[in-house]
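The values are calculated or read from the model by the stated rules, or taken from the named source; none is laboratory data. Predicted model only: the values in this text are computed from it and were never measured. Ideal geometry is used to build each Cβ from the backbone, glycine not excepted, and the neighbour counts take in all protein chains shown. Only protein heavy atoms, including side chains, enter the accessible area calculation; ligands, DNA and RNA are left aside. Shrake-Rupley method; radii C 1.70, N 1.55, O 1.52, S 1.80 Å.
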Amino acid sequence: MKAPALLGRLRFDVRGLRPGLGWLRRFRRNGDAPAGRPRKPLSKALLGAVAAVALAYAGLVGWLALNGGATRDAWQASIPSTTVAVAPLPPPPPPEPKVAASAVPPPLPTDAAPLPLPGVPAAVVTLVPAPVPGLVEDSRNGPLPRIAQDGRKPWQVYARPFPAADKRPRIAIVMSDLGLSGVTTGNALAKLPPGITLAFLPYAERLDDWVERARTKGHEVMLSVPMEPLNYPRDDPGPNALLTMLGPDRNMERLEWSLGKAVGYVGITSTTGSKFTANPAAMQPVIDALKARGLLLVDARANPKSVAGPLANLAGVPRALGDRVIDRDLSRGAIDDQLRELEELAKTNGAAVGFASPYPTTIERLNLWMTALADRGIALAPVSAVVNIQK
């Protein structure tokens, strides 16, 4: 508190300190004796008290004048306070130079990549979007594959790229009969490496969407066409299956029904046709249709007496042959044994093909097997990269 304010609170009549002690007149007026009585002089005690008050007042004024600043500082120091250091804001970054849109390269896809050659860094692989103009013809059964006027064939255009310079033994794994169960198919797409070929059943709901999703992730795609098994009709492969009892025209109509369900596949296979594929008369029209449409064939050899592979070879249709069903026995040890046998066959014949189903155990063992496959000198390849190699 400042000295003037403190003096104001004392409320002394400073005017009474004027020379001549005019303030004593009040006592005189108030103490006037009645008329005719002599005026009584002030007592010495009263005068001493007044003088003491005046001296105290003067001393207080002098002390405040000399120590007012220190008193104020002490009073302010008694108030709690906190000092916070505020860092200055950093200067804004300089604006980046503008780059022309044409100079910025498009982002590269990263979903699919082949196994790299020894000493060669892995390259990003993408599949050609389907359908490709010129490789499709319209029909009442849907879009059907065809050979383009310039000679391009669907099995080559829609194939997953594979480095031709890779001379290692090759193994192709075909995950068959996908599409009927959305959960199973989705799990396979999520967990399988893109080098594995996927074969879809034509009965799958919204098959075109499944095929597009698989190809977007880098998988080569086939159709698993239903054909007649040995124990038909007890084991029924489903409607529109190819049957030995039907004539060629009926079977071709059914084949086109399957082919028209999707686009972007490289060819067909069948895991059910143990009877149909062993019948040359029934199988030959199918081979002719594949040749005319530029598709490949993978003979699953559900029957050891299958003639599908030899007929395709004679007709000039690109073909691959199934060597093992790796998960006929679902134990982990049995699956691992089948994969080791595929490796030996690939080293002997240049290539090998294994068939599998999308069981969780199968997917688990395949992923584990893949981790050191390149270290053993073997390449995982799409089916299109093993056609006509097996001895």
Query raised in the report: Which of the residues that make up segment 317-361 are out of contact with any strand residue (DSSP E or B) (no Cβ under 9 Å at 6 or more places or on another chain), of a type in the set (Val, Ile, Thr) and open to solvent by less than 40 Å² (accessible area, probe 1.4 Å)?
Result: Thr361
Requested in this report: Take segment 204-238 and flag every residue that is over 22 Å from Asn303 (Cβ atoms) and more than 23 Å from the chain's Cα centre (by Cα).
Outcome: Ala204, Glu205, Arg206, Leu207
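Condition test on Arg340, is it without any contact (Cβ under 8 Å) to a residue 12 or more places away in the chain and assigned to a helix (DSSP H, G or I)? Don't jump to the end; show me each part of the working.
Working: without any contact (Cβ under 8 Å) to a residue 12 or more places away in the chain: yes; assigned to a helix (DSSP H, G or I): yes.
When the stated conditions are applied, Arg340 passes them.
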Query - Filtered residues of segment 148-168 (kept if buried (at least 20 other Cβ atoms within 10 Å of the Cβ) and more than 33 Å from the chain's Cα centre (by Cα)) - result: Lys153
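Out of Ala320, Ala302, Ala289, report the one residue that is in contact (Cβ under 8 Å) with a residue 12 or more places away in the chain and assigned to a loop (DSSP other than H, G, I, E, B).
Ala302 is the lone residue from the list that is in contact (Cβ under 8 Å) with a residue 12 or more places away in the chain and assigned to a loop (DSSP other than H, G, I, E, B).
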Query raised in the report: Within segment 208-215, can one find any residue that is over 30 Å from Ala374 (Cβ atoms) and of a type outside the set (Lys, Arg)?
Result: yes
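Would you pick out the residues in segment 148-170 that are among the aliphatic types (A, V, I, L, M), out of contact with any helix residue (DSSP H, G or I) (no Cβ under 7 Å at 6 or more places or on another chain) and in a loop (DSSP other than H, G, I, E, B)? Full working, then the answer.
Residues of segment 148-170 among the aliphatic types (A, V, I, L, M): 148, 157, 159, 164-165.
Now drop any that are not out of contact with any helix residue (DSSP H, G or I) (no Cβ under 7 Å at 6 or more places or on another chain), which leaves 148, 157, 164-165.
Residues satisfying the conditions are Ala148, Ala164, Ala165.
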Requested in this report: Within segment 206-235, count every residue that is in contact (Cβ under 8 Å) with a residue 12 or more places away in the chain, surrounded by fewer than 21 Cβ atoms within 10 Å (Cβ to Cβ) and outside any helix (DSSP H, G or I).
Outcome: 4
Report summary line: For segment 126-138, pairs from a residue that is within 15 Å of Gln156 (Cβ to Cβ) to a residue that is assigned to a strand (DSSP E or B) and among the small types (Gly, Ala, Ser), with Cβ under 8 Å and 6 or more apart or across chains, are Leu127/Ala112
Query raised in the report: Quick one: which of Val286, Val317, Val325 is among the β-branched types (Val, Ile, Thr), at pLDDT 95 or above and within 23 Å of Leu342 (Cα to Cα)?
Result: Val325
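Determine whether Gly238 is touching a Leu at 6+ places or on another chain (Cβ under 9 Å), at positive phi and in contact (Cβ under 8 Å) with a residue 60 or more places away in the chain. Spell out how you get there, then give the answer.
Values: touching a Leu at 6+ places or on another chain (Cβ under 9 Å): yes; at positive phi: yes; in contact (Cβ under 8 Å) with a residue 60 or more places away in the chain: no.
No; evaluated as a whole, the condition is false for this residue.
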Query - Answer residue from segment 287-312, given it is β-branched (Val, Ile, Thr) and under 24 Å from Gly151 (Cβ atoms) and is surrounded by the fewest Cβ atoms within 10 Å (Cβ to Cβ) among those - result: Ile287
Query raised in the report: Scanning for something assigned to a loop (DSSP other than H, G, I, E, B), open to solvent by 10 Å² or more (accessible area, probe 1.4 Å) and under 12 Å from Ser384 (Cα atoms), does segment 171-194 turn up at least one residue?
Result: no
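Please pick out the residue among Lys217, Lys153 that is under 30 Å from Gly377 (Cβ atoms) and modelled with pLDDT of 95 or more. Give the steps one after another, and end with the answer.
Numbers: Lys153 fails: under 30 Å from Gly377 (Cβ atoms).
Just a single option satisfies the conditions, and that option is Lys217.
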Query raised in the report: Right, Arg250: assigned to a helix (DSSP H, G or I), more than 22 Å from Gly294 (Cβ to Cβ) and out of contact with any helix residue (DSSP H, G or I) (no Cβ under 6 Å at 6 or more places or on another chain) or not?
Result: yes
Query raised in the report: Among (1) over 29 Å from the mean Cα position of the chain (by Cα); (2) modelled with pLDDT of 95 or more, which single condition is Gln390 missing?
Result: (2)
Query raised in the report: Taking segment 255-286 only, how many residues are open to solvent by less than 50 Å² (accessible area, probe 1.4 Å) and part of a helix (DSSP H, G or I)?
Result: 10
